[in-house]
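Each remark here refers to the structure printed beneath this line.
The values are calculated or read from the model by the stated rules, or taken from the named source; none is laboratory data. On a predicted model such as this, the values are computed, not experimentally measured, just so you know. Using ideal geometry, Cβ is built from the backbone for each residue, glycine included, and neighbour counts are taken over all protein chains shown.
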Amino acid sequence: MTVRLRAHHLLCMLTYVGKGYSPAFVENYEAIAARLSAGEEIELVAGPDDICGPLTTDPEAHCHGAGVIDRDCEAADAVVRLIGDPLPPGARITPTAALLARLRKTFATGEIRTACSGCEWSSLCDSVADGGYLGARVDPMC
């Protein structure tokens, strides 16, 4: 099985600490975080993904908006510059401890955070990154 993620969720997963839009959203994200921590492969998708699942029934949900699609493009570009491999829809990556460490290091310095501009969760992510990612739910053991 694979976890389907849109590009900006490659960044969101770094600082996810159990907070979200609704109890259903958090419950779903907790299950996904456990799968990612177990090393389940990620398949990059365009548009709503497994994390968006509980929100997709609402046609007004932000996961369908143009701003989020722009955020995905910016996040993909930033991660591609870091890892050196293209990330088109359908690309697969494994969330290893080494990859997570590289992403977190550059996230903390702001190097890969251009996609986060204007995000309502940005201050929480700042706090988590500044705190050394203490309590972050995605923590690969591989």
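Remarks
- Matching residues, the stretch 35-69, being assigned to a helix (DSSP H, G or I) and out of contact with any helix residue (DSSP H, G or I) (no Cβ under 8 Å at 6 or more places or on another chain): 35, 37, 64, 66, 67, 69
- Between 15, 2, 94, the distinction of being farther than 27 Å from residue 131 by Cβ and hydroxyl-bearing (Ser, Thr, Tyr) belongs to 2 only.
- Hits in the stretch 84-104 - residues which are surrounded by fewer than 18 Cβ atoms within 10 Å (Cβ to Cβ) and touching a residue at least 12 places away in the same chain (Cβ under 8 Å): 88, 89, 90, 91, 92, 93, 94, 96, 97, 102
- Contacts under 7 angstrom Cβ, first residue in the stretch 15-42 being touching a residue at least 24 places away in the same chain (Cβ under 8 Å) and over 23 Å from residue 126 (Cα atoms), partner among the hydrophobic types (A, V, I, L, M, F, W, C) and surrounded by fewer than 19 Cβ atoms within 10 Å (Cβ to Cβ), 6 or more apart: 39/142; 40/1; 42/93
- Members of the stretch 13-25 found to be modelled with pLDDT of 95 or more and surrounded by fewer than 16 Cβ atoms within 10 Å (Cβ to Cβ), listed by number: 18
- For residue 85: the one exception among (1) in a loop (DSSP other than H, G, I, E, B); (2) farther than 24 Å from residue 129 by Cα; (3) under 14 Å from the mean Cα position of the chain (by Cα); (4) of a type in the set (Asp, Glu): (3)
- For the stretch 92-109, residues that are outside any helix (DSSP H, G or I) and within 15 Å of the chain's Cα centre (by Cα) total 5.
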